[in-house]
1. Identify the residue in the range 79-107 that is among the small types (Gly, Ala, Ser) and not in a helix (DSSP H, G or I) and, among all such residues, is surrounded by the most Cβ atoms within 10 Å (Cβ to Cβ).
2. For the range 107-148, give me each residue that is among the basic types (Lys, Arg) and touching a helix residue (DSSP H, G or I) at 6+ places or on another chain (Cβ under 7 Å).
3. Which condition number in (1) touching a Lys or Arg at 6+ places or on another chain (Cβ under 9 Å); (2) on the phi < 0 side of the Ramachandran plot; (3) open to solvent by 20 Å² or more (accessible area, probe 1.4 Å) is the one that Leu131 fails?
4. Looking only at the range 113-122, decide whether some residue is open to solvent by less than 70 Å² (accessible area, probe 1.4 Å) and over 23 Å from the mean Cα position of the chain (by Cα).
5. Given the conditions (1) part of a helix (DSSP H, G or I); (2) surrounded by 21 or more Cβ atoms within 10 Å (Cβ to Cβ); (3) of a type outside the set (Lys, Arg); (4) modelled with pLDDT of 95 or more, and given that Ala209 satisfies all but one, which numbered condition is not satisfied?
6. Is it true that Gln165 is within 24 Å of Ser92 (Cβ to Cβ), open to solvent by 20 Å² or more (accessible area, probe 1.4 Å) and either touching a helix residue (DSSP H, G or I) at 6+ places or on another chain (Cβ under 8 Å) or not β-branched (Val, Ile, Thr) (or both)?
7. Which pairs have Cβ atoms under 6 Å, sit 6 or more apart or on different chains, and link a residue in the range 101-126 that is more than 15 Å from Ala143 (Cα to Cα) to one that is open to solvent by 40 Å² or more (accessible area, probe 1.4 Å) and of a type outside the set (A, V, I, L, M, F, W, C)?
8. Please find, among Ala211, Ala183, Ala174, the residue that is under 30 Å from Ser94 (Cα atoms) and either in contact with a helix residue (DSSP H, G or I) (Cβ under 8 Å, 6 or more places away or on another chain) or aliphatic (A, V, I, L, M) (or both).
Amino acid sequence: MLFDLKGKRRRLVQVVYLTLAVLMGGGLVLFGIGGDVSGGLFDAFSDRQGNVSNADDTFEDRRTQAQERLERNPRDEEALKALVRANYQLASSSAGQATTFPPESQDELRAAAAAWERYLATDPDPIDESLANLMLQAYGPGALNQLDKAVDTAQTLARADETSQSYLRLVQYASLAGDTRTADLAGQRAIELAPRDQRSTVTDQVEQAKAASAIQQAQGGQQGDGAAGE
């Protein structure tokens, strides 16, 4: 009998069966063999890549549709908004889970910014605040790093929103851009808009926002100096 073998031949048989078990187990996990649920790890990776690809196709279609509408009417506000969003979403898709946008997303970010400027030129009233929030991210340090434009966008949002929090955000971006005058004025407005019993807290938040932005600005300068010296 096969299992009555002894010595080296028995060990060889055991090794062969162990190897087969590992391969079969790997097949179950990687390919989903023998389970009620089709697919395994390879299919999961393929599904994720497929989902990203499908999303990109959707954004590409939206961008194309918006561009076609703008060929007929260059001042079509809805088409311009759709173009901003489609380009920003394509840039975000390139970024994935990263906290900053990668170099390959810069073209889409610049295209979003160009569409945003065209949208602003139509003098929208009221301005689309959700779109402005996207552009605030697009102009930020982890994206296009156009801090003057980020300050303008934050200022637009603050004026539209007129809340203490929106002016605190303007303090942050103005301080990051080195625009101390705008940061000071925004800080004063943030305190004025806060309820009386919260003004002391908001005053502290204004100072914290300025300090945090100053630190971030200094770190950015050091990184730039280091890159220039390489």
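The values are calculated or read from the model by the stated rules, or taken from the named source; none is laboratory data. Quick caveat, the model's predicted, so the values are computed rather than measured. Neighbour counts run over all protein chains shown; Cβ positions are idealised from the backbone, glycine included. To get the accessible areas, we keep the full protein, side chains included, count just its heavy atoms, and leave off ligands, DNA and RNA. Shrake-Rupley method; radii C 1.70, N 1.55, O 1.52, S 1.80 Å.
1. First, pick out the residues of the range 79-107 that are among the small types (Gly, Ala, Ser): 79, 82, 86, 91-96, 98, 105.
If we keep only those that are not in a helix (DSSP H, G or I) as well, we get 96, 98.
Numbers: Gly96: 9, Ala98: 11.
If we take residues in the range 79-107 being among the small types (Gly, Ala, Ser) and not in a helix (DSSP H, G or I), then Ala98 is surrounded by the most Cβ atoms within 10 Å (Cβ to Cβ).
2. Within the range 107-148, just Arg118 meets the criteria.
3. The single condition Leu131 does not satisfy is (3).
4. Yes: one or more hits.
5. All conditions are met except number (4).
6. yes
7. Thr122/Arg75; Thr122/Glu77; Pro124/Glu77
8. Testing whether each residue is under 30 Å from Ser94 (Cα atoms) and either in contact with a helix residue (DSSP H, G or I) (Cβ under 8 Å, 6 or more places away or on another chain) or aliphatic (A, V, I, L, M) (or both) leaves just Ala174.
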